[in-house]
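Taken together, the values in this text are just the output of simple stated rules run on the coordinates, not laboratory data. Quick caveat, the model's predicted, so the values are computed rather than measured. Methodologically, a virtual Cβ is constructed for each residue, glycine included, from the backbone with ideal geometry; neighbour enumeration extends over all protein chains shown.
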Amino acid sequence: MLSGYVHLWKIIMLQTIETVRQQLQTAEGTTKVDLLNTLSGLWRNVNLAESYQSASEALALAQQSAYTTGIMDAHNNLGVFYWSKSDYNRALEHFQRAAELALPLNDTYRLGLAWHNVGEMYRYQSNYDLAFEYHNKALHLFTQIRQVV
């Protein structure tokens, strides 16, 4: 029974990916960056190489247009990619960069997400004091906006 659900999930995911890819064909500017970041997140559980490619393209386009939200999201996606590859130092660099960008913008959600992910990288590296510190920071922010990661 479980394999049937997994198969159905994969079909739905691939259909969603195809829909986003079609939208990308005519997208421009920040919309294109947002779609590439969405695509990176969708590919994450299907094809890591495609996830990385979409996040890298999103980062380059966002940097060209100084689209900070797109840059933050791309760094988060790249961090998740490196996390999936067990390259915790590179993942940490991307999550920290996302946090640095979110802080002056008062982007509570993205800052909380970045700090949560920073905490996870410290936890994976057995640095429990820093993991606790960053998870608490994220918890405080998510409590303020009542958001769950």
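Charge tally for residue 105 (other residues, Cβ to Cβ under 14 Å; Lys, Arg +1; Asp, Glu -1): -1. Other residues lying with their Cβ under 12 Å from the Cβ of residue 35 contribute a combined charge of -2, Lys and Arg counting +1, Asp and Glu -1. Considering only Cα atoms, the convex hull volume of region 91-146 works out to 59 Å³ per residue.
For the chain, the relative contact order works out to 14 percent when only alpha carbon pairs closer than 8 Å and six or more residues apart are counted. Residue exposure proxy: 7, 135, ordered by other Cβ atoms within 10 angstrom of their Cβ from fewest to most, comes out as 7, 135. Counting every C-alpha pair in region 4-49, the share spaced more than 16 angstrom apart comes to 39%. Taken over the Cα atoms of region 1-85, the convex hull encloses 80 Å³ per residue. Under a Gaussian network description of the chain, with springs only between Cα atoms under 10 Å, the residue in 19, 68, 38 that fluctuates furthest is 19.
Report the net charge of residues surrounding residue 58, where surrounding means a beta-carbon distance below 11 angstrom and charges are Lys +1, Arg +1, Asp -1, Glu -1.
So the environment of residue 58 carries a net charge of -2.
Using square roots of five times the C-alpha gyration tensor eigenvalues, list the equivalent-ellipsoid semi-axes of the chain in whole Å, biggest first.
26, 20, 14
Exposure proxy ranking for 118, 80, based on other Cβ atoms within 10 angstrom of each Cβ and starting from the fewest, stands as 80, 118.
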